[in-house]
Every structure is written in structure tokens, then in C-alpha cells.
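Structure, as C-alpha cells:
The values are calculated or read from the model by the stated rules, or taken from the named source; none is laboratory data. Values in this document were obtained by computation on a predicted structure and should not be read as measured data. When we count neighbours, we look across all protein chains shown, and the Cβ atoms used for this are built from the backbone with ideal geometry, even at glycine. Protein only, heavy atoms only, side chains kept; ligands, DNA and RNA dropped before computing areas. Shrake-Rupley method; radii C 1.70, N 1.55, O 1.52, S 1.80 Å.
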Amino acid sequence: NQEVTATVTSPNGVTWTRTNNQTPRSPTTTDGTIDLYNYVAVQNSLRNVFMQVSDAQGTAPASGTWKLTISNPTVTANYDAWLGHATMNATLVNGDNNKSVGMPGTSNSAITVGSYVAKWGWPSSDGNNYSYGGSDRTSNISLFSGIGPTRDNRQKPDLVAPGQAIVAALSTSATPTSAYVVPGSKHVVSQGTSMATPHVAGAVALMLQANPALTAAQIKNLLINTADADAFTSTVPNNTWGHGKLDALEAVVKIVSTASITRKVFAYDLPGTNQVVTLPGTKKFAVKISPDISGRLTGIHLNLTIQSQNPISGTGPLVCEVYTNTTGSLAGIPGTKVGNTVNHPFAQLSTGTNNYIDMLGADVTLSSGTDYHIVLSVANPTDQLIIRTDDGSGSTNRSSVFTGTAWYNFSDASSGMGAQSSANLRLRATVTNSSLPLSVSSSENQPVSYSLSQNYPNPFNPSTTIEYSIPERSAVKLIVFDLLGRQVVSLFEGEQLPGTHMFQWFGRDALGRSVASGVYFYRLETSSGYTATKLMTFLK
């Protein structure tokens, strides 16, 4: 807070000087009008020198170098400068992007949140898709996000959260450009650290719900100690990412348990390139994943092409399944189905961006070091989805197709994929490792006995649902037989938690071929010795 003299010099040599506590505006000059403030800020008791150049006649200030000189200091001190606001092109000579976190984010106790990119493109209510210009920066830091440290070298920001391309509620008083209004016209694409901070505020609310006695300091420590590092953040903490990306789940877990939790996304498509491939009702697509952690398959991410290419046709739903890996067709193909079928409504799919699909209902635990396939199909022969792939320049031989008679790797000439032969589907899987349950059902609703319900609808075409209940953890088999007692398909074989479970059958055998019209049996077998069989009728 030492006293200094501040002088502004214009490109043409016009000067304006202010000493301690002087703030008046200069007369209008040929180069522009200069506002120069020189005072001690009440917020931190430090010297603040602020200059602003404008022009009273409405023309731009003089072009060239504007110089701010600080003179007559009584002691040696460090000075930091910021370019706070510019309505015309302006840069700081020899400046950098450090220490750009501003008040109140610089306060000691604040949870200061930076922003990273949630997605690069989005569908609009005008029927088009839009994206930011330049290279795709999904999951990377937003270029507008403030960078630390503070001027006294404290770590800021504390962590980062999704803050760019966030779909938020649209105010009735707002008039945004139509490109940013998403289908339904009730939400708008926004960005800023003001979009990132609500994510953290929501996490804090969940944490206080788990333990209302938490102090502000405890909440902050939990958030920064559970933040995630990845390939974008590099080693944390650092001045760009703070302690890493917000992980609300792990923060809450740390409050209620000493259990650890790890979540990883497995992606094999090459970023930054786009092609498309069509998934009709006569085929299935799959991507082989190789998890290096054991845990539940909690979600998948599927990227559809843009609206103008009509990527969603039919009534759906999208059918999501998990298969084991078996030898064949260059690099492994789907073998036996495990877990439950998850149906995702077409109405909940967005175009031109990643779609997150909750896979907890599949009830599948994956083992580290074991290959699996995420298998996609559509419910009806007339349904169709157009899915993005990469351009094949980084082929991993992980995508495969069921042609109606057999599975083939995309790169297999027998697959019929043609120009897409080396492409990778934009399908990614999230695996979560935790000793805690990842979904909870009320004990009041848990079944007290084994039961197998009649399928519905019955008769059926094209699909029917089979539901059963188990009161305890059991090894389960759900198998379909024909009238001669021959096995048609195994809908599920594996261990399941107590509860009510549902599977859909689409009238196809183990190779995906449509079966003949007629009567079929379905049988439930459990490790407890419970067995039940019922009849169903398939009509074409």
C-alpha cells in the first residue's frame, strides 16, 4: 500500500498523472479520454492503479502502445497487471495468462471453480446442429477459465467442473440466438464459470444431505481431495486445473463410508474426426472394451450424427446389452450375453453429441483384464440410427457388426462395411469400482419369495418382457426352449442381487436369427433350487 505516482502516456505522447488517492478524469485529448485511479483498495489494503481509455466523441482511442508508468516507490515491491475489459483489440505487452482468477475467487475460503468443456456441439430447436469453431476441446479446459495462482501465490482455482456448452433453463425474458436454444425451446446452451459453479453447489448440497454438520472448510477439503486427474489435467494440483475435475460421487462416498471408488471411461475412437455408419433394424453393432479395473458397467456414451442427416428413424427403443468376448473375425466378436437388457427410449437421444445411457439396470460386473462387448441394436426392423465413427486412421479393430447370420469385425471383408471397414464406433463405456452399492432399492419393496411372471404382451410381436423376482443373491439362468425342448437362446446366466428383474426377448435365437411363429417355453433356474417354466406365443 505504499504511495506511488501513476502516469499514462498515449501513443502520441499525451500524458496524465495521478498521485495517491487522485481519481479525476483527464480532459478529452486527441488520443482519447483517460480515467486513472490511484488508491488503496479497501478489500485487501493494497495499492490499486486502474486506467481506462475511451473517447468522448465516440471514435476509438488512438492505436498504438499505451504505457502505464509507476514511479516514486518507497520500497522494492512486486506489481501485477491485468487487462480487465476491452471493447477493441488490446493485449498486454509481454503479458501472460497467469493470475487471471479475479475477486471474489481469490478469497481464502471461497471454493473457486474453473471451467472445462462439456461438449463441442449440440442440436438446436431450429432443426440444425451447431458447434464451436476450431478443434474439438471436449473435456479440455475452457479458454476463458481463469488461471492461477493468486498474486500472493496461493493455489487457485481449487478445482474445475463442466462449464462450457451447458444446457440450462431458458428464462422467458431472455432472447438468445436461436442456434443456442435446444429442441423443446425451454433450455439454452450457455457457458462460463457461472455454469461450472452450480455443479459444485449441487455437489455441496448432496454432501450436506449426507452430513448436515459439515463445515465449509471440511466441504472444501473433501472436494479438492476427491477431484479427478486425467490426460487433460496432467499432474495436479496446478494453476489451470486446480486439484482436478469435480467428482461429486466420490466426495459423497467419503462422507458416508471409508470405501474407495474409482470410475473410468474406456474410449477407443480417435478424437477430432467424424464419419457415420447406419444401424438398421436388421443388424447389431458392438464395441469391444478391455477394462483395466473391475467394477460395474454404470454407463455408456453414444454419439449420433447431426439432425440434418436424420439420425433417428422409427419408434425405438435403443437396445443395449453386454456380451462376453469370443475368438473370431480378426479381433474377437461378441459371444454370450450377460446381464439384463437395457432399453433407452429414442425420445431421450440427442443428435450431434454424446448421449449418456445409464447401464446400472444391466447389472453387469466386469473383470479387469477380461474383454467384453457393448452391443447395440434397435427394437424394430424399420428402426434406424446413424452413429458417428472416427475416420479409421487410428484403427483398433474393436468395432463389429452382426449381419443377421454372424458377427464380423468392421475390418473383416465379410462384414460388408465397405468404406467404414477400419472405423471405430463412437461408443464408450464407464466402469465404476466400489465396495458400496451403486443403486439402492427400498427394503420394503424387496421380494420375499421366488416367482416367475407371465410374459407380457402374450402373444407378442416383435418383443415381449419376462419378469421374475428373487429374494436373495442367487445364480440365475433364464432360458428359452422350443416345443421339442431344444434350447433357443439363453437370455441370462449369472449371479444377481435380490430384487425384481426384467428381460426382453425379440423372438431371435442365439445367433440373432428370427425364430418361427409358435409356442415357446421360458424357464427360470436358481442356485437355491427354485425352478419355474411358462409358455409364450410368438406371432409373425
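Just a few scattered comments:
- Calculated on C-alpha atoms, the gyration radius of the chain divided by its Kirkwood radius gives an Rg/Rh of 1.09.
- The largest accessible area among Ser109, Ser142 belongs to the first residue in Ser109, Ser142, and the rest follow in falling order (1.4 Å probe, all chains).
- Taking every Cα-Cα distance in region 264-356 and sorting them into 10 Å bins from zero, the calculated P(r) comes out as 12, 43, 37, 8 percent.
- Under 22 Å from Lys245, Cα to Cα: lysines that are on another chain or at least 8 residues apart: Lys99, Lys119, Lys156, Lys220, Lys254, Lys264
- Hydrodynamic analysis of region 34-115 uses the Kirkwood radius over alpha carbon pairs. Inserted into Stokes-Einstein at 37 °C and 0.692 mPa s, it gives a translational diffusion coefficient of 210 µm²/s.
- Take the Kirkwood radius over Cα pairs of region 117-210, plug it into Stokes-Einstein at 4 °C and 1.567 mPa s, and you get 87 µm²/s for translational diffusion.
- Solvent-accessible area per residue, Å², over the chain with all protein chains present [probe radius 1.4 Å]: 49
- Percent of Cα pairs exceeding the 17 Å cut-off, where the set is region 48-184: 74
- 0 to 90° range, to nearest 10: angle between helix 216-226 axis and the chain longest Cα axis: 60
- Remark: the Cα gyration tensor places region 391-540 in the oblate category, a/c being 1.5 or greater and a/b not exceeding b/c.
- Span from the region 242-304 Cα centroid across to the region 160-207 one, whole angstrom: 23
- Computed over the chain: relative contact order in percent, which uses C-alpha pairs under 8 Å that are six or more apart: 10
- Cut-off 11 Å, label 7 Å out along Cα→Cβ of Ala77, residues of region 29-63 by amide N: 39-41, 45-49
- Within straight-line reach of Lys288, meaning a Cα separation under 13 Å, sit the following aspartates and glutamates at least 8 residues removed in sequence or on another chain: Asp269, Glu321, Asp371.
- Dipole of the chain computed with +1 at Lys/Arg Cβ and -1 at Asp/Glu Cβ about the Cα centre; of Asn433, Ser45, Met536, farthest Cα towards the positive end is Met536.
- As a ratio to 2.2 N^0.38 Å, the alpha-carbon radius of gyration for region 147-267 is 1.23.
- At 1.002 mPa s and 20 °C, Stokes D of region 211-288 from Kirkwood alpha-carbon radius, µm² per second: 134
- Residues Phe410, Phe506, Phe50, sorted by accessible area with the largest first, give Phe50, Phe506, Phe410 [1.4 Å probe; ligands and nucleic acids excluded].
- Reachable aspartates and glutamates, given that their alpha-carbon falls under 20 Å from the alpha-carbon of Lys186 and they are not under 8 places away in the same chain: Asp126
- Most to least accessible of Val375, Val204 (protein chains only, probe 1.4 Å): Val204, Val375
- Local electrostatic count at His373 - Lys and Arg +1, Asp and Glu -1, tallied over other residues with Cβ under 12 Å: +2
- Phe492 accessible area, 1.4 Å probe, all protein chains in place, Å² to nearest 10: 10
- Förster radius 22 Å - calculated FRET efficiency between Glu495 and Thr531 (Cβ-Cβ, nearest 0.05): 0.80
- Angle between the chain longest axis and helix 193-210 axis [Cα atoms, degrees, rounded to 10]: 60
- A simple charge model with +1 on the Cβ of Lys and Arg, -1 on the Cβ of Asp and Glu and nothing else charged puts the dipole of the chain at about 140 debye relative to its Cα centre.
- Charge dipole (debye, nearest 20) of region 256-394; +1 at Cβ of Lys and Arg, -1 at Cβ of Asp and Glu: 100
- Share of carbon and sulfur in the accessible heavy-atom surface of the chain [1.4 Å probe, %]: 50
- Measuring with a 1.4 angstrom probe and ignoring ligands and nucleic acids, Lys288 comes out at about 30 Å² accessible.
- Ordering of 478-484, 114-120, 512-518 by burial proxy (mean other Cβ atoms within 10 Å per residue, highest first): 114-120, 478-484, 512-518
- Each peptide in 398-406, 271-279, 168-176 receives the mean, over its residues, of other Cβ atoms within 10 Å, and ordering these scores from highest gives 398-406, 271-279, 168-176.
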